[in-house]
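The values are calculated or read from the model by the stated rules, or taken from the named source; none is laboratory data. Bear in mind the structure is a predicted one, so any value in this text is a computation, not a measurement. No Cβ is skipped: glycine too gets one built from the backbone with ideal geometry, and neighbour counts run over all protein chains shown. Accessible surface areas use protein heavy atoms only, side chains included; no ligands, DNA or RNA. Shrake-Rupley method; radii C 1.70, N 1.55, O 1.52, S 1.80 Å.
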Amino acid sequence: MSISQRLSDLRELMQREHLSAFIFPSTDPHQGEYVPDHWKGREFISGFNGSAGTAVVTMTSAALWTDSRYFIAAEEQLRDTEYQLMKLKIEGTPTIAEWIGRECGPGAEVAIDGLCSSANSVKELIADLRKQGGITLRTNLDPLKTIWSGRPPIPENPIEIYPMKYAGEMAHDKIARVRHALRERHADGMLMSSLDDIAWTLNLRGSDVHCNPVFVSYLLISFKDVTLFINTNKLTPEVQTYLKAEGVSVAPYDEIGNGLKNYFEYNILLDPDEVNYTLYKSVTREIIEEESPVKRMKTIKNATEIAGFRSAMLKDGIAMVKFLKWLSDYPEISGLSEIAIDKKLTAFRAEQPLYRDISFDTIAGYQAHGAIVHYEATPETDITLKPEGLLLLDSGAQYLDGTTDITRTIALGPLTDEQKLVYTLVLKGHIQIELCKFPSGSSGTQIDILARKDMWREGLNYLHGTGHGVGTYLNVHEGPHQFRMEWKPAPLVEGMTITDEPGIYLAGKFGVRIENTLLITPYKETEFGKFLQFESLTLCPIDKTPIIKDMLLQEEIDWLNAYHQRVFDTLSPHLDADEVAWLKEACSAL
């Protein structure tokens, strides 16, 4: 079906339901960033496949809102459709409610699927629409049930136990910690909806979401019971026995509504940014609206998880060096394409022990494609590389003992002065984050400026965040902590992982990003409290070819040389003679 036919079918349904507009968020009932195909309604109705965005369709118009990571990609994917691209955080862009008010007028009724929208987002939308002349919002309709012929089913993939030698803490001990946190909040129980939170808590993993080892489910915890709501076809006898031993009972996935109605404790904690609006409204007990305590528990890695990260990064570094050496040896660089690069790197990773999958779709963007922040090569967009310019390569893997995320920008031949300037500014920003020492509990927003200050002096910037948490054989994006310009109060504490990935993107020309995954470790204690620092877990040389050395401070040169020495010392025992020779040159002092 074409996008125009899908819009036509939707509008027929809207007319029957007396609706002036329908809103399609990018989320699923669990508010995941990446969702199973069954819930990719926004992609179905618009054709835009980015991980963030909202489509709105009226009887005569359509628009899609997304952020700066996807501006270029969205323009391409929405071309030849009636969708208007709305660029978030750009001056003059109307909010969804403002646009609906302008298109539909006062008193209109619009709809959104409350099952695929968080409680907070729906409550905010109701308030915003009310200001547009009393527009009302309906939340009990899923048009995709009617208009999406051949809609993929909810996944039924089997789940597996995540061994203690990688998890480092038994599930029943994690549940005890959750209950302790609930007591501190005067809560009698909680509904856990986030799929990676559930997987972490129960020491289980699945394959229901592309690149993310999670499984579709809910977890209801009280001080008496723990119930996993899941399609029981997914449970092997081994997993059923394991859950029973950990004190977890099982109920069908689609019984979660009844489970909440039959919840007889006095109150229940719901994270309104995580629990969908439909389930939120079905609760009959007093609701305590707070962030799920599991989010912050999960971000602080235990000793076993940290050891797993180090092991995963070692394997990933070996694979990356083998790949980069192969790339440098390739006799005719023009014979390679972006897709070929992706496949070769994945093959090197797949040779490593405990490899399970990639952690996200590889971004291999040559020259102008590198300026598309979340570019993914397709047969239609794939281009061949030339022995000149820059290749931006953002990739990662899921190993059983850890998740990796790394970006390197690689010079394939002669560069322009502009490319060298941009590359050096990005490198300076990356190193300044790495060098930072800060009080425990600082926000990532307070540190984010270090990555941007030299860029800003040149009138350059980037609109995405500078860093995000990384899961333990879980989602590559983990929060709530992050580096970001916008205020994010989540504290940075010892034991967290976080990426450091500043970038600059010049549309139609090239993009540069350099990324390591970091571990927050102790620095020192003084009369002013505990101070922390960052340790690079990622082990891979950073291309020195584009660097304008005179632009670097001595402390930045010292950091780069020390980092490269550690990379060489750690990786060289695991490589053959030719690879060691290549790595020695790549890691030589600047």
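As a fraction of the 1.4 Å probe accessible area of segment 461-590, surface on carbon and sulfur atoms comes out at 54 percent. Modelled spin labels at Tyr266 and Arg285, positioned 7 Å past Cα toward Cβ, are 1.1 nm from each other. Of the GluC sites (Glu not before Pro) found in segment 302-408, those in coil by DSSP whose Cβ has at most 12 other Cβ atoms within 10 Å are Glu332, Glu351, Glu380. Averaging the Cα positions of each part gives two centres, and for segment 53-98 and segment 147-186 these lie 34 Å apart. Put simply, the convex hull of the Cα atoms in segment 75-121 casts, on average, a shadow of 5.0 nm². List the relative contact order of segment 333-431 as a percent without decimals, with contacts defined as Cα pairs under 8 Å and 6+ residues apart. That works out to 28 percent. Per residue, the convex hull around the alpha carbon atoms of segment 392-531 comes to 120 Å³. The modelled label-to-label distance for the pair Gln240/Ile126, using points 7 Å beyond Cα in the direction of Cβ, is 4.1 nm. Measuring max minus min along each principal axis, the C-alpha atoms of segment 16-105 give extents of 34, 33, 25 Å (largest first). With semi-axes defined as the square roots of five times the eigenvalues of the C-alpha gyration tensor, the equivalent ellipsoid of segment 221-300 measures 23, 17, 13 Å, largest first. Here the simple spin-label model places points 7 Å from the Cα toward Cβ, and for Trp487 and Trp456 these points are separated by 1.6 nm.
The mean sequence separation of alpha-carbon pairs under 8 Å and at least six residues apart, normalised by the residue count of the chain, gives a relative contact order of 11 percent. When the Cα convex hull of segment 458-590 is projected onto planes of every orientation, the mean area is 11.4 nm². Projected onto their three principal axes, the Cα atoms of the chain cover extents of 66, 56, 50 Å, largest first.
Where both bridge residues fall in segment 1-88, DSSP classifies roughly 60% of the beta bridges as antiparallel.
Spatial offset of segment 187-250 relative to segment 431-447 amounts to 35 Å, using the alpha carbon center of each. From the Kirkwood radius over Cα pairs of segment 1-150, Stokes-Einstein at 25 °C and 0.890 mPa s returns a whole-number translational diffusion coefficient of 160 µm²/s.
If the chain linking Ser4 and Arg177 were pulled fully straight, counting 0.36 nm for each residue of separation and taking away their Cα-Cα distance, it would gain 57.2 nm.
Here's the picture: a label point sits 7 Å out from the Cα of Ala303 along the beta-carbon direction, and within segment 520-535 the residues with their amide nitrogen under 19 Å of it are 520-523. Taken over the C-alpha atoms, segment 121-168 has Rg and Dmax values of 20.4, 58 angstrom. Listed values for segment 140-156 are Karplus-derived 3J(HN,Hα) couplings in whole Hz (6.51 cos²θ - 1.76 cosθ + 1.60, θ = phi - 60°), namely 10, 10, 10, x, 5, 4, 9, 9, 9, 6, x, 4, x, x, 5, x, 10, and x replaces Gly and Pro.
Extension gain, Gln84-Lys549: 0.36 nm per intervening residue step, less the Cα-Cα distance, totals 163.0 nm.
Computed log10 I(q)/I(0) for segment 326-480 at 0.10, 0.11, 0.13, 0.18 Å⁻¹: -0.43, -0.53, -0.73, -1.25, from the Debye equation with unit scatterers placed on every C-alpha and solvent omitted.
Based on the Kirkwood radius over alpha-carbon pairs, what value in µm²/s does the Stokes-Einstein equation return for the translational diffusion coefficient of segment 96-230 at 37 °C and 0.692 mPa s? Diffusion coefficient, whole number: 181 µm²/s. Give the relative contact order (percent, whole number) for segment 167-246; include only Cα pairs under 8 Å separated by 6+ residues. Dividing the mean separation by the residue count of segment 167-246 yields 25 percent.
Its convex hull of Cα atoms gives segment 149-227 a direction-averaged projected area, equal to a quarter of the hull surface, of 6.5 nm². Database remark: amide H of Tyr399 closer than 5 angstrom to the amide H of Arg356, Thr404 (H placed geometrically; neighbours at sequence offset of 5 or more, or on other chains; Pro and chain starts carry no H). The C-alpha radius of gyration of segment 201-243, expressed as a fraction of 2.2 N^0.38 Å, stands at 1.22.
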